[in-house]
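Accompanying notes for the structure given below.
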Amino acid sequence: MTKKNTLNKFYEHMSSGEIVTEEMLKIFNDLSQEALKITMKINNKYHKPNEIVKLFSKLTGKNVDKSFRLFPPFYTDCGKNITLGKNVFINACCKFQDQGGIIIGNNVLIGHNVTLATLNHDERPDKRQYIYPKPIKIGNNVWIGSNATILQGITIGDGAIIGANSVVTKDVPENTIVAGVPAKVLRQITA
């Protein structure tokens, strides 16, 4: 099977939300090894902004817009299921578990040490090894504060703000500020 066919099979399975199979775990491992190599390059040497764009394009397997900015270090255990809009900024020490898919819109600001987690385990002890993917979707003009954690299957609406240290367990409506553990709506953003 070609690399392109393998990736297509991976994307199809991950978007289904179905349990991760042994075959997918093997693909996870291969993608993880590639991501480790690329993130080591990103994290262990100074790169000009255009070099970061090239490395992140290689990491994701997609063309990343030249407006993208990243302050390393950056960590991911896959890389290939990240999609970025234009004018995205990711601050230092962020961790993306992207196998389930991370879609980031335009003009998004992601603070220090943010975690995006797209996988979850079955809660039943005898089935705990089962893994389920669900994507995280971040709209346009979103600001995610430092140390926030966004859990699997969450959609963050356009213009929302996620407060620092928040744990987002439910979808966030557009133009709202949420904060806390778990995050709750504090108020609407007015023009």
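Among the residues of the range 19-29, those identified as in a helix (DSSP H, G or I) and surrounded by fewer than 14 Cβ atoms within 10 Å (Cβ to Cβ) are 22, 23, 25, 26, 29.
On the stretch given as the range 5-18, residues that are closer than 18 Å to residue 102 by Cα and either open to solvent by less than 60 Å² (accessible area, probe 1.4 Å) or hydroxyl-bearing (Ser, Thr, Tyr) (or both) total 8. Could you say whether any residue in the range 40-56 is at pLDDT below 95 and within 15 Å of residue 94 (Cβ to Cβ)? No; the residues of the range 40-56 include none that is at pLDDT below 95 and within 15 Å of residue 94 (Cβ to Cβ). Taking the criterion of being in contact with a strand residue (DSSP E or B) (Cβ under 6 Å, 6 or more places away or on another chain) and either free of Cβ contacts under 8 Å to residues at least 24 places away in the same chain or among the aromatic types (Phe, Trp, Tyr) (or both), the residues of the range 75-89 that qualify are 75, 82, 83, 88, 89.
Just one residue in the set 162, 136, 150 is in contact with a Phe, Trp or Tyr (Cβ under 8 Å, 6 or more places away or on another chain), surrounded by 15 or more Cβ atoms within 10 Å (Cβ to Cβ) and in contact (Cβ under 8 Å) with a residue 12 or more places away in the chain; that residue is 162.
Please verify whether the range 122-134 includes one or more residues that are of a type in the set (A, V, I, L, M, F, W, C) and at pLDDT 95 or above. No, every residue in the range 122-134 fails to be of a type in the set (A, V, I, L, M, F, W, C) and at pLDDT 95 or above.
When residues in the range 51-79 are screened for being open to solvent by 10 Å² or more (accessible area, probe 1.4 Å) and within 28 Å of residue 19 (Cβ to Cβ), 5 of them pass.
The values are calculated or read from the model by the stated rules, or taken from the named source; none is laboratory data. The model shown is predicted, which means the values in this text are computed figures rather than measured ones. Positions of Cβ are backbone-derived with ideal geometry, glycine not excepted, and every protein chain shown enters the neighbour counts. Ligands, DNA and RNA are stripped out before the accessible areas are found, and what is left, the full protein with its side chains, is counted by its heavy atoms. Shrake-Rupley method; radii C 1.70, N 1.55, O 1.52, S 1.80 Å.
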